[in-house]
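What follows is calculated from the coordinates using simple rules that are stated; it is not laboratory data. Just so you know, these numbers come straight off a predicted model, no measurement behind them. Positions of Cβ are backbone-derived with ideal geometry, glycine not excepted, and every protein chain shown enters the neighbour counts.
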Amino acid sequence: MRIVGYRSGVVLAVLLLIQLSTPTLAETTNADDSAGSESAEVQILRAQVEAMERHHDDLLSTVHWTLGVILSGVVLLLGYNWYQNRLVYAQEKEALVKELRTTLGQELDEAREELARRHKEEFSQRLARMEFDLLELERYKWNQKGVLKNALRCDVRLLNTAVQSGTDEYIAGALNALKEDMSALSEQPANNVLGFEAADIQSALARVPAQHQATVERIQQLLRDTLN
């Protein structure tokens, strides 16, 4: 009986120890499980962070590459536009220079022609004035000598010179001189106008402008009277 009681006490003591040690083992197991769970979550989070960092780096690299391409394109486009603008400017400048040279050349040619024309007209007017003055002087001398037919020949030359110059003043002066000499000649029956002289007078009168028609008709009447 003592042995049985002793064994029962030992068993109870062992059971008590097992019961007391069981919560400790459970807590240790739970702590280990909790630590393992937390370590796994940390690793997962760390992996996610690393993945996000890699994605972020890749994204930055892509953005940098894209920006580089865009900037390169912008630089190329600006360079092309600059080249095109410079080329267009050079072409427009060359065209403008050619146009200016052509215009200036035409204007210079026109100025030379105008200057030459005016010089020629001025020279012609001076020459006509000199010839007119010389013929008037010659006519005056023949009138002073009383040789009316020679004075009449000077009148015809005066009229032709005046008509050729186109100056109304000269034409009117020549017509008046011719009319005066024709009137004086008509008063001298011995100094009748010959046929060839009359033809020269008629030819000169035919070239006179219409505004002097009244004087021309008067001279023609005097010519008819002289021929008769």
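Were the residues from residue 71 through residue 100 laid out at 0.36 nm apart, the gain over their Cα-Cα distance would be 6.3 nm. Taking the fewest neighbouring Cβ atoms within 10 Å as the starting point, the ordered list for 86, 129 is 86, 129.
Sorted by average packing, counted as other Cβ atoms within 10 angstrom per residue and highest first, what order do 198-208, 117-127, 154-164 take?
Details: 198-208: 16.0, 117-127: 11.0, 154-164: 21.7.
Ranked by mean Cβ neighbours within 10 Å, highest first: 154-164, 198-208, 117-127.
How big is the charge dipole of the range 125-227 about its Cα centre, in debye rounded to the nearest 20, if each Lys and Arg gets +1 on its Cβ and each Asp and Glu gets -1 on its Cβ? Write out the running numbers ahead of the final one.
Values: 12 positive and 14 negative charges, 34 e Å.
The calculated dipole for the range 125-227 is roughly 160 debye.
Positive contributions from Lys and Arg (+1) and negative ones from Asp and Glu (-1), summed over other residues with Cβ under 11 Å from the Cβ of residue 226, come out at -2. With 10 Å bins beginning at zero, the pair-distance distribution over Cα atoms of the range 125-227 amounts to 16, 52, 29, 3 %.
Ranking 61, 84, 151 by Cα position along the charge dipole of the range 46-157, where only Lys, Arg, Asp and Glu carry charges on their C-beta atoms, puts 151 farthest toward the positive end.
Annotation: extensible slack from residue 188 through residue 217 equals 8.3 nm (criterion: 0.36 nm per residue apart, minus Cα-Cα distance).
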